[in-house]
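Here is the structure we will look at.
No lab work stands behind these numbers, since they all come straight from the coordinates. Predicted model, so just to flag it, every value in this text is computed and none were measured. Every residue, glycine as well, gets a Cβ built from its backbone with ideal geometry; the counts of neighbours run over all protein chains shown.
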Amino acid sequence: MLLDAAVQCLFDHGYAATTTMLVAKTAGVSRGAMLHQFPTKHDLMAYVVEAVSADELDLYADLLKGTDEPAERLIAYPEAAWKVLSQPSAVAVQEILQGARGDAVLVERLKAIQARVEAAAGERLKSEFPGGIASDLFRLIVSAARGLAISQVLNGGVDVSGAVRMLQTLIRAGIDAEAFSGSAKLKMAGAAPQPTHPG
């Protein structure tokens, strides 16, 4: 209940305007109940980042289920990243991360959380791509999807599906050209699959 309310407030109003009292009002809980669970805004924001990040890792797994061949899975990642990072919850986390830039206390709180999230994501990637694949490539995919999500919010829901398909096309070309670390092991017999249209 509080997580959903916090996400809604962050998505609708941004980090600066999201207070614990606004979240309590949105969730329909008392001030005392809110302060008992989250005494400070820092506590609440740290909880949102950790909870949403854990949900996102599970959502990636669900979206990529059944795409087991490594090259197919890599080409499917931009669409999966877009679907994950364009959700209100992901935009809410981005609001927190941007807001934390001027908040030393929150920065420190988030460091440990982000380290855990990155470690968990790294372990999943190792299991998905045992032959190895450049971590910088995944950073690029995630950053591109996050940037497109922000662009969509700022531009009134502009359609960015063409940009997602373009990124898939570039990755497919990179695999064919063996341009990425580990991409030689990803090459399949015949042409790599064509990118799908983001739904």
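What angle, in degrees between 0 and 90 and rounded to the nearest 10, separates the Cα long axis of helix 104-128 from the longest principal axis of the Cα atoms of the chain?
Helix 104-128 sits at roughly 30 degrees to that axis.
Taking just the alpha carbons, could you work out the radius of gyration and Dmax for the range 2-185, both in angstroms?
For the range 2-185, the Cα-based Rg and Dmax read 18.1, 60 Å.
Which of the peptides 92-105, 117-130 is most tightly packed, and how do the rest follow, going by the mean number of other Cβ atoms within 10 Å of each residue?
Per-residue mean Cβ counts within 10 Å order the peptides as 92-105, 117-130.
Mean separation of Cα pairs under 8 Å and 6+ residues apart, divided by the residue count of the chain: what relative contact order is that in percent?
Normalised by residue count, the contact order of the chain is 25 percent.
How would you rank 165-174, 27-36, highest first, on the average number of other Cβ atoms within 10 Å across their residues?
Result, highest mean first: 165-174, 27-36.
As I understand it, the value is the acute angle between the Cα axis of helix 161-176 and the longest principal axis of the Cα atoms of the chain; what does it come to in degrees, rounded to 10?
The two axes meet at around 40 degrees.
Going by average Cβ neighbours within 10 Å, how do the peptides 47-53, 68-74 rank, with the highest at the top?
Values: 47-53: 19.9, 68-74: 17.1.
Ranking, from highest mean packing down: 47-53, 68-74.
Once phi is turned into θ = phi - 60°, what whole-Hz ³J(HN,Hα) does the Karplus curve with 6.51, -1.76 and 1.60 give for every residue of the range 84-89, x standing for Gly and Pro?
6, 7, 8, 5, x, 5
Expressed as a whole number of Å, what is the distance separating the alpha-carbon centroids of the range 121-167 and the range 5-77?
For the range 5-77 versus the range 121-167, the Cα centre distance is 19 Å.
Along the charge dipole of the range 78-137, which of Leu125, Ile113, Gly102 sits closest to the positive end, that is, farthest toward it, with unit charges on the beta carbon of Lys, Arg, Asp and Glu (+1, +1, -1, -1)?
It is Ile113.
Among rounded, prolate and oblate, which fits the range 81-156 when a ≥ b ≥ c are the square roots of the eigenvalues of its C-alpha gyration tensor, a/c under 1.5 means rounded, and a/b larger than b/c means prolate?
Oblate shape, in that a/c is at least 1.5 and b/c is the bigger or equal ratio.
Treating the beta-carbon of each Lys and Arg as +1 and of each Asp and Glu as -1, no other charges, what is the dipole magnitude of the chain about its Cα centre, to the nearest 20 debye?
Numbers: 18 positive and 22 negative charges, 53 e Å.
About 260 debye.
Once the cut-off is 20 Å, how many percent of the Cα-Cα pairs in the range 24-105 end up in the long-distance tail?
That fraction is 50 percent.
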